[in-house]
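The values are calculated or read from the model by the stated rules, or taken from the named source; none is laboratory data. The shown structure was predicted, so the numbers you read here are calculated from the model rather than taken from an experiment. All Cβ positions, even for glycine, are placed from backbone atoms using ideal geometry, and neighbour counts span all protein chains on display. SASA here: full protein model, heavy atoms, side chains in, ligands and nucleic acids out. Shrake-Rupley method; radii C 1.70, N 1.55, O 1.52, S 1.80 Å.
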Amino acid sequence: MQTHFDAVIIGSGAGGAPIAHTLAKAGKTVLVLEKGPLFLPQQHAPSGVSDYKRDELLATGAEKRITLAVANRGQSYYASHVEPDLNDEPHIYRETGKFNRRTPGDYATIEGYTAHVVGGGTQLYGAVSLRFSETDFQLHSYNEQRTDLKNDPNDDVRREARDWPLSYQDFLPWYEMTERLIGINGTSENQAKPFRADYYQTPLDPNPISGYIAKGMDALGMKRFRTPLAVITEDHEPSGRKVPRDPDTAKTGYVNRYGDPLGLKSNTWVSLLAPIKDLPNIELRANCTVTQLESDGYGNVNRVQYRDPSGTMRTVSGKVVIVACSAIESVRLLKVSALANHDFDRRIHQNDLLGKYFLTHCFGGARVRVPERFDKSLSLDSDWATEFCATDDYLKSHGLWAGAAIYNNTSDSALPISLARTLDAQDMDTIWKSFTERTELTGDQLLEWLKEDFGTTLSVAFMANQVPLYSNRIELHPTIRDKWGMPSAYIIKDWHSHDVALMDTIARECARILEKGCDLAEGSVQGGGVYLAENGLARIANHILGGARFGKDRRDSVLDVNCRAWDFDNLYVTDGSFMPTSGGANPTHTIEANAFRVAHHLLGRL
Amino acid sequence: MSILILEQAKKSDLIIERDNFDQYVLNHCAKYLARKEGEPRHNYNGELADSDPRAKIADQWRFPIIDSYGDGSGNPACYDYNLVTFVYAADDAETEHRISVVGTFANLYERLPLQQIRFAGEATRYYALSVKVPKGQVHTYKFCVDGEWQLDPINPQTAKLDNGVTWSRFFTQSCAVPLTFERWERVILERLTDHILPFHTEEGERFLKNYYYYLDRDSKEQNYTPVYRLDEQVGVVNYIDKVLAREERHHLIDYKICLAIIDQLLRQRRRGLEPDRQSREVYMDLYRQMACNDVVGWDYHQYGNPRYFLQLVRRHTITGAFSHPKYGGNISGAGWAFLGELFCDDKGKTLFDWRRSIEYPLGLNEEYNG
Ligand SMILES: Cc1cc2nc3c(=O)[nH]c(=O)nc-3n(C[C@H](O)[C@H](O)[C@H](O)COP(=O)(O)OP(=O)(O)OC[C@H]3O[C@@H](n4cnc5c(N)ncnc54)[C@H](O)[C@@H]3O)c2cc1C
């Protein structure tokens, strides 16, 4: 078994795969260590059947119960087949009870995981693939002189906002590379960001229910464009994927939280790893969990320890080591390594910022029942998007520090079980709760409820920057351990008062779109931000960012501009954790673009 | 590496070579079986003895692995089968073992060898074998480990044969053989789930008349569902029977206790009248009282929270009615078809075109193989 490589990459998702792709194509020897299984779409499976299925019980499986010594011990949870087992590998978050009536304490949560499988979160994602806006890269400069920010009495925003060390212009070539290599459909017209070239494939026809959205956005003067989605609609040359005779076959209710058995959804396996899998210089070891990095005392990670599929400890080494486990798990791996190795500890903690400034998004939206019924089970995740709330005008006139993307959801609640289990709940921790509790829904009343909600609910969501706070952080939990005996991640986070104001403001815009689109009276639709949810402190929207931010100043960041840990020569971190601010859009496209950028830096040194 | 697929009757003639067998097995094992320490993290409800090593294994029910079967050609005849993969996990990779399986899915007493699975060219602690088994079947099996017979140490399902001997058990998809409930339990559960589902509404009855009762014979057979008792609840009770045998074994105890309490209290309420002969109103009352956690005659000593049980039944009922038919409910897609017929536009075109997404022959999608 080969044990030394040019590059050892830990994690095969958005942050890891672009690097594996680039380095392998350039002839470097590459090892990808991936904790999850190699689940294949039909075209790669010798049997012709995929490990992913159009099956509601794969996305949200059988009931399990939390058996750990936590406040929600005994509580049910329902995870997908590619999420970790919560009792084996828990994430713990601290509930303060500030935004809701939950009893304060430490809770286990499935929020904060993407997916543990080759391709990582990109296997399950809704595939919304927006670029960040120009302002998103410069939120410190943008807010430096402002005095108009809502609900920010201590001036936290101006103190804590950071510019990225790179601008939108710097990211542009990498965005383009991502759009081309991943395979994304969409339209560039009406996007506020400058485009040099358009690599989008042609979008499929929108689901007719999205007509209300188009109407609402138009009435409000919101420029709209087709939501860029990482789903191929035409044959995709870079990955060799072909689209079926009827490209609409990609449309289904089994979108968000489902892997795609047909391989049309552009995850990092089909787009980046499968095309290089037969090269002699790359090896993908799936079902291998990295448990520790060791350093040699001179600034190099010289050993990567992992558990092979039998659970046996093995080690490998690489000229460079790239950590891309998704932010919470990457921070945990670095912290666990520091616990075991003094030199590693000293270097990774050259300042105290590792794990700090953990970020997700401010998100939320609004939802209505439309007057007609539509077949939502034939759709992709979203049809229309607008950057109306990301313009300078908008931000200044509303006293907001940063903007948001707004887009509609089309595939949500499209299927009967998901409709029932997400009744009054959209997150993983409270799923099924309301349906089981609303015992009056039987027979006639159940039928009435189905008639009201099936194929009639339409929602608009927003994705906005969250104010970075030092106190929002990932630590190691003092007592809870995973099945390998390693301390579990402990998530401590809160919403800033400006976040709350921002969510309220933009949720109102989402509600207005629906009011205008459906000819409803102004003020009749209620929008809301995630902080209002029962477990609003745990909620992460699957967007797991920050905790190892990059920057120009070693005192203020964990990683340098190339995402190299400051006091290491060969250690890089390239998943969502590098972000200093979370961006006003879904993050994956930017994580991938950044990983391509780092890969090209690495080519210069390998 | 290659996979050995053993056809039922004449195995050795019909061995099919397949790539990536080792990868396939590791993909379905590592998360559940690989671990460092032996804490019993997976005993939810005391369904396992504390000393049972299974409590250290996540999702024990996933073994043997029951998967869709395909031969790579898209041949629709494959749809009648599952790929069943037996896995044995030895303590370590170093010592080599001789492991075989014997079971009712092959010629009786024919030992089929499990092969040691390799990872990156080296031995692992896993041994596995895949066989092709028709859907809708229940089988018993045992492992022979270095000459000694034993039950599957992972799979908690067992069956006691007529001669009193216990074997390990598995069942394939779309199985309609009762595994969990006695007839009297099924009766009560049918009445309860019946009350939850919308099939006693006007629309429901019309649908059942037009669509379901007249489902042509062919399509019924195609979906391996003997008409046995799978009528009005679109197979929900069968789904519950299966989910309690496998994925949610930890809730078996809730059902066993509560159905017995209900049986008793219904008999008390209408002295002498069998529960299945009691009226709809009796079950409606019972449902309402359970919802309020205030049930006349309920034995609260035995089971403190009837509302909790009701909530469990609600989740299982909806899941059974609308999950993929391979789980045992939603027979032939009847639950989906009900919605598909209920929701149409003014030209009669359905607004829940589930057949477009779902694999042929259950649905109409010929790209997706299920
Ligand atoms: C249901 C869902 C919907 C989403 N929708 C969208 C969307 O529409 N648009 C969008 O932009 N984003 C979306 N996301 C988020 C998106 O998936 C993530 O932003 C993205 O995948 C993050 O990339 P990453 O590299 O940080 O982590 P990941 O892509 O999650 O990759 C991390 C990988 O590391 C592996 N790993 C972890 N620990 C170890 C270890 N110790 N050893 C070895 N391997 C390890 C994991 O198994 C995983 O494969 C969605 C996510 C989910 C779950």
Starting from the range A:30-41, keep only residues that are under 16 Å from A:T114 (Cα atoms), then list their pairs with residues that are within 9 Å of the ligand (Cβ to nearest atom) and open to solvent by 10 Å² or more (accessible area, probe 1.4 Å) whose Cβ atoms are within a distance under 6 Å, requiring at least 6 positions of separation or different chains. A:K35/A:H116; A:K35/A:T289; A:G36/A:H116
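From the list A:Y113, A:Y107, A:Y93, which one is touching a His at 6+ places or on another chain (Cβ under 9 Å) and of a type in the set (F, W, Y)? Explain how you work it out, then say what you get.
On the way: A:Y107 fails: touching a His at 6+ places or on another chain (Cβ under 9 Å); A:Y93 fails: touching a His at 6+ places or on another chain (Cβ under 9 Å).
Checking each option against the conditions leaves just A:Y113.
Does A:E234 fit the bill of being under 18 Å from A:T202 (Cβ atoms) and either away from chain B (no Cβ under 11 Å) or modelled with pLDDT under 95 (or both)? Working first, answer last.
Working: under 18 Å from A:T202 (Cβ atoms): yes; either away from chain B (no Cβ under 11 Å) or modelled with pLDDT under 95 (or both): yes.
Yes: the conditions hold for A:E234.
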Might you check whether a residue that is within 9 Å of chain B (Cβ to nearest Cβ) and either open to solvent by less than 20 Å² (accessible area, probe 1.4 Å) or of a type in the set (S, T, Y) (or both) occurs anywhere in the range A:16-31? no
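Residue-wise test of (1) within 19 Å of the chain's Cα centre (by Cα); (2) at pLDDT below 95; (3) farther than 28 Å from B:A245 by Cα.
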{"site": "B:K10", "(1), (2), (3)": "no, yes, yes"}
{"site": "B:L33", "(1), (2), (3)": "no, no, no"}
{"site": "B:G38", "(1), (2), (3)": "no, yes, no"}
{"site": "B:A58", "(1), (2), (3)": "yes, no, no"}
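Need a quick list: strands (runs of 3 or more DSSP E) entirely within the range B:24-110 having at least 1 residues that are of a type in the set (D, E, K, R).
Numbers: elements: B:65-68, B:81-89, B:99-103.
By residue number, B:65-68.
Given the criterion open to solvent by less than 10 Å² (accessible area, probe 1.4 Å) and at positive phi, identify the matching residue among A:G365, A:G355, A:G318.
Values: A:G365 fails: open to solvent by less than 10 Å² (accessible area, probe 1.4 Å); A:G318 fails: at positive phi.
Residue meeting the stated conditions: A:G355.
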I'd like to check something: does the range A:367-381 contain any residue that is more than 14 Å from chain B (Cβ to nearest Cβ), more than 30 Å from A:G74 (Cβ to Cβ) and under 25 Å from the mean Cα position of the chain (by Cα)? yes
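Restricting attention to the range B:262-291, report how many residues are in a loop (DSSP other than H, G, I, E, B) and open to solvent by less than 70 Å² (accessible area, probe 1.4 Å). Before you say what the answer is, go through the steps one by one.
The first filter runs over the range B:262-291 and keeps only residues in a loop (DSSP other than H, G, I, E, B), leaving B:270-274, B:278-279.
From the residues that got through so far, the ones that are open to solvent by less than 70 Å² (accessible area, probe 1.4 Å) too are B:272-273, B:278-279.
Summing the residues that are in a loop (DSSP other than H, G, I, E, B) and open to solvent by less than 70 Å² (accessible area, probe 1.4 Å) in the range B:262-291 gives 4.
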Residue pairs, Cβ under 8 Å, 6 or more apart or interchain, first in the range A:44-72 and more than 8 Å from chain B (Cβ to nearest Cβ) and within 18 Å of B:Q23 (Cβ to Cβ), second part of a loop (DSSP other than H, G, I, E, B) and open to solvent by less than 20 Å² (accessible area, probe 1.4 Å). List them. A:H44/A:G263; A:Y52/A:F39; A:Y52/A:P41; A:Y52/A:Y258; A:Y52/A:G259; A:Y52/A:P261
Here are some conditions: (1) open to solvent by less than 10 Å² (accessible area, probe 1.4 Å); (2) outside any loop (DSSP other than H, G, I, E, B); (3) away from the ligand (no atom under 14 Å from the Cβ). A:S50 meets all but one. Which one does it not meet? (2)
Given (1) open to solvent by 30 Å² or more (accessible area, probe 1.4 Å); (2) more than 14 Å from chain B (Cβ to nearest Cβ), where does A:D246 come up short, assuming only one miss? (2)
Is there any pair linking a residue in the range A:535-548 that is under 14 Å from A:I492 (Cα atoms) and near the ligand (Cβ under 8 Å from one of its atoms) to one that is at pLDDT 85 or above and open to solvent by 10 Å² or more (accessible area, probe 1.4 Å), with Cβ under 6 Å and at least six apart or on different chains, and which? A:I544/A:S326
Inside the range A:293-315, the number of residues satisfying the requirement of being at positive phi and within 15 Å of the ligand (Cβ to nearest atom) is 1
Going through the range A:295-342 one residue at a time, which ones are aliphatic (A, V, I, L, M) and within 14 Å of chain B (Cβ to nearest Cβ)? A:M313, A:V316, A:V336
Modelled with pLDDT under 95, within 15 Å of the ligand (Cβ to nearest atom) and either surrounded by fewer than 24 Cβ atoms within 10 Å (Cβ to Cβ) or in a loop (DSSP other than H, G, I, E, B) (or both): which single residue out of A:G36, A:G13, A:G61 fits that description? A:G61
Hits in the range A:181-210 (condition: surrounded by fewer than 17 Cβ atoms within 10 Å (Cβ to Cβ) and outside any loop (DSSP other than H, G, I, E, B)): A:P208
Extreme residue, modelled with the lowest pLDDT, among residues of the range B:179-218 that are within 28 Å of B:D285 (Cβ to Cβ) and part of a loop (DSSP other than H, G, I, E, B): B:T201
Selection from the range A:107-133 of residues more than 6 Å from the ligand (Cβ to nearest atom), more than 14 Å from every other protein chain (Cβ to nearest Cβ) and not in a loop (DSSP other than H, G, I, E, B) yields A:Y107, A:T109
Pairs with Cβ under 8 Å, 6+ apart, first in the range B:341-352 and under 18 Å from B:K209 (Cα atoms) and touching a residue at least 60 places away in the same chain (Cβ under 8 Å), second open to solvent by less than 40 Å² (accessible area, probe 1.4 Å) and among the polar types (S, T, N, Q): B:E341/B:T350
Subset of the range A:150-165, residues open to solvent by 30 Å² or more (accessible area, probe 1.4 Å) and either assigned to a loop (DSSP other than H, G, I, E, B) or within 16 Å of the ligand (Cβ to nearest atom) (or both), comes to A:K150, A:N151, A:P153, A:N154, A:D155, A:R162
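Assess whether B:S357 counts as being within 13 Å of another protein chain (Cβ to nearest Cβ) and over 19 Å from B:F199 (Cβ atoms). Before you say what the answer is, go through the steps one by one.
On the way: within 13 Å of another protein chain (Cβ to nearest Cβ): yes; over 19 Å from B:F199 (Cβ atoms): yes.
Answer is yes for this residue.
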If we scan the range A:478-498, do we find a residue that is more than 30 Å from A:A420 (Cα to Cα), free of Cβ contacts under 8 Å to residues at least 24 places away in the same chain and touching a strand residue (DSSP E or B) at 6+ places or on another chain (Cβ under 7 Å)? yes
Neighbours by Cβ (under 6 Å, 6+ apart or cross-chain): first from the range A:265-291, acidic (D, E); second more than 9 Å from the ligand (Cβ to nearest atom): A:E283/A:L31
How many residues does the range B:151-178 contain that are open to solvent by 40 Å² or more (accessible area, probe 1.4 Å), part of a loop (DSSP other than H, G, I, E, B) and under 30 Å from B:Y126 (Cβ atoms)? 5
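Counting only residues that are among the aromatic types (F, W, Y) and open to solvent by less than 40 Å² (accessible area, probe 1.4 Å), which one in the range B:101-132 is farthest from B:A34 (Cα to Cα)? Give the derivation first.
Taking the range B:101-132 and keeping what is among the aromatic types (F, W, Y), we get B:105, B:109, B:119, B:126-127.
Still in the list and also open to solvent by less than 40 Å² (accessible area, probe 1.4 Å): B:105, B:119, B:126-127.
Working: B:F105: 28, B:F119: 14, B:Y126: 10, B:Y127: 14 Å.
This residue is B:F105.
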Filtering the range A:572-602 down to residues that are near the ligand (Cβ under 8 Å from one of its atoms) and in a loop (DSSP other than H, G, I, E, B) yields A:T574, A:D575, A:A585, A:N586, A:P587
Read through the list (1) open to solvent by less than 20 Å² (accessible area, probe 1.4 Å); (2) outside any loop (DSSP other than H, G, I, E, B); (3) within 9 Å of another protein chain (Cβ to nearest Cβ), then give the number of the only condition that A:E283 fails. (1)
